[in-house]
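First up is the structure itself, then whatever we jot down about it.
The values are calculated or read from the model by the stated rules, or taken from the named source; none is laboratory data. Being a predicted model, the structure only gives us computed values, none of them experimental. A quick note on method: Cβ atoms are made from the backbone with ideal geometry, for glycine too, and the neighbour counts reach across all protein chains shown. Surface accessibility is based on the protein's heavy atoms, side chains included, excluding ligands, DNA and RNA. Shrake-Rupley method; radii C 1.70, N 1.55, O 1.52, S 1.80 Å.
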Amino acid sequence: MQLIAELKRRKVFRVAAAYAVAAWALAQVADLVLENTAAPPWVMQVILLVLALGFPLAVLLAWAFEVTPEGVKRTGSLERGVRAPAMAAPDYLLVGLMIAVIVVAGVQFAQMADAGHAGAAVRDTPVPAEAGPMVEIPTAPDPAPAGGSADDRISIAVLAFENMSPDPDNAYFAEGISEEILNVLASIDALRVASRTSSFSLSGRETPIPEIAARLDVGHVLEGSVRKAGDRVRITAQLIDASNDAHLWSDVYDRELDDIFAVQEEIAQSISEALTGRLGLRAVSVEAPTDDLVAYELFLRGRRTFYQRGTTLDEAIADLSAAVERDPDFGDAWAVLAAAYYVAPGYPSNSGQEELLARAREANDRALALVPDHPLAVAVDGQLMSVTDANWVDGLARTGQAAALASNDSTPRLWYALDLLYAGYVHRAREAAYETWRTDPLVGINNGILATTLIATGDLEAARVYADLGAENGWEHALPLIAAEEFAAGRIEAAADLMTRYLAALDAEPEQVAGVARLMRDVASRAESTSMTAIRLPVGGFSTPEVTFYAATGQSDAFLTVIAETVRENALRHHPWLRSVWQPSQRAIRESPVFFDVAREIGLVELWETRGYPPGCRPVGGDEARRLDCSEFPG
């Protein structure tokens, strides 16, 4: 009791309580200020460390010294038998404040713990090591309920605005304005914005807002409409809280077309202010990418066509080329134009592959000169290094750099996942594909590539789920890969059914589809020749029909013959055939000396010698018969 009395007399309790209250208040203010100034995380960590170290110092000084009318003096000891002074009103106030601080801090800690547990149920921890344990891929997408994401930032999805213009062809303009607003919102660090493609895929449907929010794992949805007539535009927008379907904010903007960038800024600023309680006040600004409004409209239309792919890439290239011709300093337009040129060889086009890739490089060099950190331009740069220059060492690193840049376009991450898969780094490819899928889960190719990496790592059951989702959303190219595994396992009818689905999706004629299914059965029974020459199939843009068939039926020699011929003729500059090489049923392909020679020609061997061979594979044999031994490959 003597110690307690001494502590009270020296006002140690009062100082400790005052310090705790003041430190907590200072930490809250610092957190708010630093968050709004985009300060790095270590600044807050240093502040907390200083405050923690200051607590014992404050207690020590309170014990040793006291403030008197004559100044600061050392505190003498309490004489035995003398009672310590009773607590005064300030003491009770400080104790009350300290208790309140403890309660508030406890509630905050509990909320963070709950968020952590919720996040563990939705998100898996990425494992960077190639040979380490794998993240658990769910067998079916199971998004968290609205507002329940493991990401503790407030979340929002921007739906494609409805076109209310008299001209239905102005839909590109309404959609483009939506995307521009989405990109502005994505620049707010405290706001998580659902990716464009998945959000826009749910627009224009009679789907309730809470259901949209649940599928996209967001807590808020922005929807609206655009009416463009001549030089005037009317934009309506409304922000909805998905948890109760309540409107948090709405407004109508009637402006001249040359005010379009100011309207985008106003809408984004209004949303930020509507969410101030969660975000803190954010200043939002929009920098006009061009002063030429005609070039801007051409860009919006060309970008929309580029995203749609299909048979319209030449249209996208025409619009984007016209945009940069009007404004040669339009960096965003150059970046999308370069990407359109780069992917065009995989789609119907009026230009040859060599010409398209040369133009892709020219456009991308211009884009990087204007916008050095544009994610799409950096990604195209990496792809051109790998594909055109056969420089996989620098190309893979460059594409990885693009994947790490903040973007609501999942394309750079998808290309990085594909490059890792092509190189045989299947574990890392699987994780990159999973991250791509989580960013944009309603995109067909994202589901299909995730399925492809799941096949390569031996999880065929999960791969079937995502391959079906990919096919449902227009990307069927994982189906032949699963057909190969079914064929290797002796499930011939299942394999034939998958090939039938695949070829039907490519608009093959019924007799052609039936012919390939018959050939698959003949291969299994060794009844007839397996030549594909009698059956003319539509080219799917991702691989030749011969390669698809030979991979699906395990005919490694025929597969390698086609690949070696096309690579040596420099006719196969893109490498989607590499997706087949790393799946479990294709060991004979990846261990063939022919494959090693082809891998050397396209630059993969140099990558392996520099960054390491695929897990479970090592080079064996002499120079004349060099090949991979993949006896320990994970698939």
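Criterion first (open to solvent by 40 Å² or more (accessible area, probe 1.4 Å), modelled with pLDDT under 90 and either of a type in the set (G, A, S) or in contact with a strand residue (DSSP E or B) (Cβ under 6 Å, 6 or more places away or on another chain) (or both)) does A625 satisfy it?
Spelling it out, A625 is indeed open to solvent by 40 Å² or more (accessible area, probe 1.4 Å), modelled with pLDDT under 90 and either of a type in the set (G, A, S) or in contact with a strand residue (DSSP E or B) (Cβ under 6 Å, 6 or more places away or on another chain) (or both).
Tally time: how many residues in the range 239-263 are closer than 30 Å to A295 by Cβ and assigned to a strand (DSSP E or B)?
Looking only at that region, the number is 6.
Scan the range 325-340 residue by residue and report those that are buried (at least 19 other Cβ atoms within 10 Å of the Cβ) and either over 13 Å from L300 (Cα atoms) or small (G, A, S) (or both).
Answer for the range 325-340, where residues must be buried (at least 19 other Cβ atoms within 10 Å of the Cβ) and either over 13 Å from L300 (Cα atoms) or small (G, A, S) (or both): D327, G331, A333, A335, A338, A339, A340.
State the number of residues belonging to the range 276-290 that are open to solvent by 30 Å² or more (accessible area, probe 1.4 Å) and modelled with pLDDT of 60 or more.
Counting residues in the range 276-290 that are open to solvent by 30 Å² or more (accessible area, probe 1.4 Å) and modelled with pLDDT of 60 or more gives 5.
Residues that are over 24 Å from P289 (Cβ atoms) and out of contact with any Asp or Glu (no Cβ under 7 Å at 6 or more places or on another chain): find the helices (runs of 4 or more DSSP H) completely inside the range 157-237 holding 1 or more of those.
196-201, 209-216
Tell me yes or no: at least one residue of the range 504-516 is at pLDDT below 85, open to solvent by less than 10 Å² (accessible area, probe 1.4 Å) and of a type outside the set (S, T, N, Q).
Yes, that holds for at least one residue.
Do you know which of the residues in the range 291-324 that are touching a residue at least 24 places away in the same chain (Cβ under 8 Å) and of a type in the set (D, E, K, R) is most open to solvent (accessible area, probe 1.4 Å)?
D291
Quick one: would you say T544 is open to solvent by 30 Å² or more (accessible area, probe 1.4 Å) and at pLDDT below 90?
yes
Can you tell me which residue within the range 244-275, out of those that are under 27 Å from the mean Cα position of the chain (by Cα) and hydroxyl-bearing (S, T, Y), is most open to solvent (accessible area, probe 1.4 Å)?
Only one residue tops the list, namely S270.
Check every one of the helices (runs of 4 or more DSSP H) wholly within the range 392-490 and list those with 3 or more residues that are open to solvent by 20 Å² or more (accessible area, probe 1.4 Å) and closer than 24 Å to A379 by Cβ.
The qualifying helices (runs of 4 or more DSSP H) are 392-404, 411-422, 426-439.
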